[in-house]
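Structure first, then comments.
The values are calculated or read from the model by the stated rules, or taken from the named source; none is laboratory data. Small disclaimer: the values here were computed from a predicted structure and weren't measured. Heads up, the Cβs are rebuilt from the backbone with ideal geometry, glycines too, and the neighbour counts pull from every protein chain shown. Just so you know, the surface numbers come from the protein's heavy atoms only, side chains and all, with ligands and any DNA or RNA stripped out. Shrake-Rupley method; radii C 1.70, N 1.55, O 1.52, S 1.80 Å.
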Amino acid sequence: MLIQLNVKNFALIDHLELSFHDGFTILTGETGAGKSILIDSINFVLGEKFSKEFIRTGADSTYVEAIFTLEEPAKAILDAQGIPYEDTVILSRESFVNGRNSSRINGKSVLVGVLKELGKELLDIHGQHNNQNLLDSTKHLDYLDSFIDLYEKKAFSDYAEQFEHLSSLKEKLQKLLGNTDRDKLIDYLKFQIEDIEKAKLRPDEEKELTEKFSMLSHAEKISTGLVQAHELISSEEGILSSLSTSLHALKSIEKYYEKVKGPIENLENAYYTLQETFREITDYKDEVYYDQDELNEINERLYIYSTYKKKYGEQLEDVLAYYDKIRKEYDDLNNAEEHIIKVRQDIEKVRHRLLETGREIHKIRVSGGKNLSSKINEELKFVGLEKAQFMAQISGTEIIGPKGTDEVHFLISTNTGEPMKPLEKIVSGGELSRIMLSMKVAFIDKDKTPSVIFDEIDTGISGRIAEAVGEKMYSLSHSFQVFCVTHLPQIAAFSDNHLVVSKHEEDKRTYTKVNDADLSGKTDELAKMIGGSAISDPQVRSAEDIIAKTQKIKEKYTHKVK
């Protein structure tokens, strides 16, 4: 969620620091006070288009910083960009009069496109002039699939597995067909195969040769050490003789002094261990020898291993693995025609299975699309669009894509008798905003964007419909942080947090400021909406009545407000 916004020299805003809470936040103020400027500043820091008119007159640059709590999938974008993070993420953007720009995420410079990509995962702005995620037809399939939990169904997992298999088969076929210099490649592979085979490399030989080379190279030193150890153990004054004498001495007193039983046992164990060690040293002494010819032969063989590791891999295992790889590639190329036929047959079989599975997925989507359409149409009626009809259009194709064979488009007719049109073709800002609100409610459990702004979605509505729209946005704030810019008291009355945007003149300059309104201030703001800037007692009482009525509606919901 958005927790803080810092703005400097942005249009009429000289300097502004705002902290936000969860729940339902209302922004109100007279026309021209700067509500749209505040939304523009948020759009700016989220990577939207920049106009030099945003820079406050007399300033060299404009700067906006937004701090959000961090949730998935925003973390995936930060991971992909190598940007470290903890529980929050800081987005900042600065633009200068001379055209220079700076965009940062957690202090790291990024392209403005990355800022925009991340911004879409953090906050969604619905207004008369904003293109939102729900309006992006390329995302409609994902929205529907998320709504029906398609990714959890066996048909989809089967399809995904088959699609991956198809991709690998196509890649294999492309390799078989794409070798224009096939004969040259076959000759080259054959040369390498014969070269490696000629060396007769073995996984265990190199280690054996290395050990023997070390022995032959240091035979004199090794032999001297073994002979010396042999003599020290076996001579008349050596360790074995001393141990034997010690044992004899202790055993002669054992029957008089039982405490020596332990030392006797320890010495006997040491004696037997030393005897075994002596036999090993004797064997090693006898097998150590020096042979210059053999040393030369081993050196030449080790050189061969070294040469092949330089040519085909750092380690012997790499060389042998490379041999297996080119051997298979060589066999495949020699039998290319047979392989091509076989791979093409496999591709057709997998394509046939994918089309069948795709039709299963199509049935699931059609059923889910009807449920989604019914749910959204109910919400449309609630917000006063009784004549509107929403439809999730699922068109089956023969085109095999990574998520199936369907195309999904969200269509709507806003008046009786009018044809269904794509959402993005809706002209009326007021209708579009209420449609977006209805869809947002329908996708409440699936939409991952943690914050949403509804910018003046009250165009063309009043009375009961305004109250219904306010209630819907309030209900939405149980799952999202919701902001709403409004001119209607029926909507503003639902606020958990109320921000008042105003402007004033000082030293012949105009300034926009934002203040938190308490209950009294909220009542005054609603009274102004009812009857104008001059507040009268009847207007205040009307505002109080609206707030009291709204409070009863809000009691249907459980909501923790900061």
Exercise. Residue 341: in contact with a His (Cβ under 6 Å, 6 or more places away or on another chain) and either open to solvent by less than 40 Å² (accessible area, probe 1.4 Å) or part of a helix (DSSP H, G or I) (or both), yes or no?
Worked result: no
Problem set entry | Options 307, 224; residue that is more than 30 Å from residue 200 (Cα to Cα), assigned to a helix (DSSP H, G or I), β-branched (Val, Ile, Thr) and open to solvent by 40 Å² or more (accessible area, probe 1.4 Å) | 224
Problem set entry | the range 70-94 - residue that is of a type in the set (Val, Ile, Thr) and open to solvent by 40 Å² or more (accessible area, probe 1.4 Å) and, of those, farthest from residue 50 (Cα to Cα) | 88
Problem set entry | Residue among 357, 397, 416 that alone is in contact with an Asp or Glu (Cβ under 9 Å, 6 or more places away or on another chain), open to solvent by 20 Å² or more (accessible area, probe 1.4 Å) and of a type in the set (Ser, Thr, Tyr) | 397
For this session: State whether one or more residues within the range 238-260 are in contact with an Asp or Glu (Cβ under 6 Å, 6 or more places away or on another chain) and farther than 30 Å from residue 141 by Cβ.
Result: yes
Problem set entry | helices (runs of 4 or more DSSP H) enclosed by the range 403-513 - at least 2 residues per element that are under 15 Å from residue 379 (Cα atoms) | 429-442, 463-476
Seminar exercise, completed: Among the residues of the range 471-496, the number that are surrounded by fewer than 21 Cβ atoms within 10 Å (Cβ to Cβ), touching a strand residue (DSSP E or B) at 6+ places or on another chain (Cβ under 6 Å) and under 19 Å from residue 122 (Cβ atoms) is 1
Exercise. So which of 314, 348, 329 is within 18 Å of residue 165 (Cβ to Cβ), within 38 Å of the chain's Cα centre (by Cα) and open to solvent by 20 Å² or more (accessible area, probe 1.4 Å)?
Worked result: 348
Exercise. So which residues in the range 161-189 are part of a helix (DSSP H, G or I), open to solvent by less than 90 Å² (accessible area, probe 1.4 Å) and over 26 Å from residue 357 (Cβ atoms)?
Worked result: 176, 177, 182, 185, 186, 189
Seminar exercise, completed: Pairs returned, first residue in the range 395-410 that is hydroxyl-bearing (Ser, Thr, Tyr), second residue that is in a strand (DSSP E or B) and surrounded by fewer than 19 Cβ atoms within 10 Å (Cβ to Cβ), beta-carbon separation under 7 angstrom, 6 or more apart or interchain, are 395/407; 397/407; 405/396; 405/397; 405/398; 405/399
For this session: Kindly indicate the residue of the range 360-375 that is open to solvent by 50 Å² or more (accessible area, probe 1.4 Å) and of a type in the set (Gly, Ala, Ser) and also farthest from residue 396 (Cα to Cα) among those meeting that condition.
Result: 374
